[in-house]
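Visitor: For reference, the structure I am asking about is given below.
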Amino acid sequence: MMQRNAGSFQQRGCSTVARSVRSTPAVHAARAATADAQPSTSGRDERIVSILIECGALTEADVAAAAPALAGADEAALRASLTALAARFKPRHVRDIAVGSPQALRLDLKSWITFLEAWATDDVVWSVLRYQHAALASTDVFRAGRAILFLRNLGPWSDREIATRVLLCHARLLAAEEAALEGTLARLRALGLSEERVQEMLYHFPGILYDFGDEQLALAERVFERNRTKYAFMGSYEV
């Protein structure tokens, strides 16, 4: 289980670490890489490298790896995201996001962490930020909240199911506009499916809501029927 980190990177005495790596070859390489990526903003990218150094969770090689993907990033937003991560997760977990998914640092991570923690444990929050950051970048917390509420109105979704099945596996649903969700729901009902059937199908296959098509529907139908038959034989209809 991940444990929260008590303080931000400014509070951990990281200035010593920052001074020790500020002029190393790896850091010079990172600065050169960001300058090449955004030649007209090289001064700003120098500051991006400095912000990465100051977070205290990254080695020289980590900074060199992460900096090019953050060329041109808003400095205040980047600092705020790193602060939010450092306040919530251990340094190694901050490092894994910064190096493995540096584009995630462009998000408003403070807002996303606050939103996600309403549904998920720290482990799941970290995994969503690490692996679903592209989906989060296409939406915001307000639209994401409306999408989840729409889904919960259609079935017996627990917080745990929202976390493990939607946030981790179907994060693209968070970018769906309510009108689009209503449209997909109307198309399912127009197929002559009962309301119970529609709700069950969306409960087991929420991806239909953002990727609706004949092929997806046919696949969902086949799997749904196979599982229903299997669990009916076992004396339970719960899949």
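None of the figures in this text is laboratory data; all of them are computed from the coordinates on show. Source: prediction; values computed, not measured.
Visitor: For segment 197-203, what does the Karplus curve 6.51 cos²θ - 1.76 cosθ + 1.60, with θ = phi - 60°, yield as ³J(HN,Hα) per residue in whole Hz, taken in order and with x for Gly and Pro?
Guide: Along segment 197-203, the couplings run 5, 4, 5, 5, 5, 6, 5 Hz.
Visitor: What list of ³J(HN,Hα) couplings, whole Hz, do you get for segment 144-160 from phi and the Karplus terms 6.51, -1.76, 1.60, once you set θ to phi - 60° and write x for glycine and proline?
Guide: Here the 3J(HN,Hα) series is 4, x, 5, 5, 5, 5, 4, 5, 5, 6, 9, x, x, 7, 8, 4, 4 Hz.
Visitor: Please list the non-local residues whose amide H lies under 5 Å from the amide H of residue 154, H modeled 1.01 Å from N, same-chain partners needing a gap of 5 or more.
Guide: none
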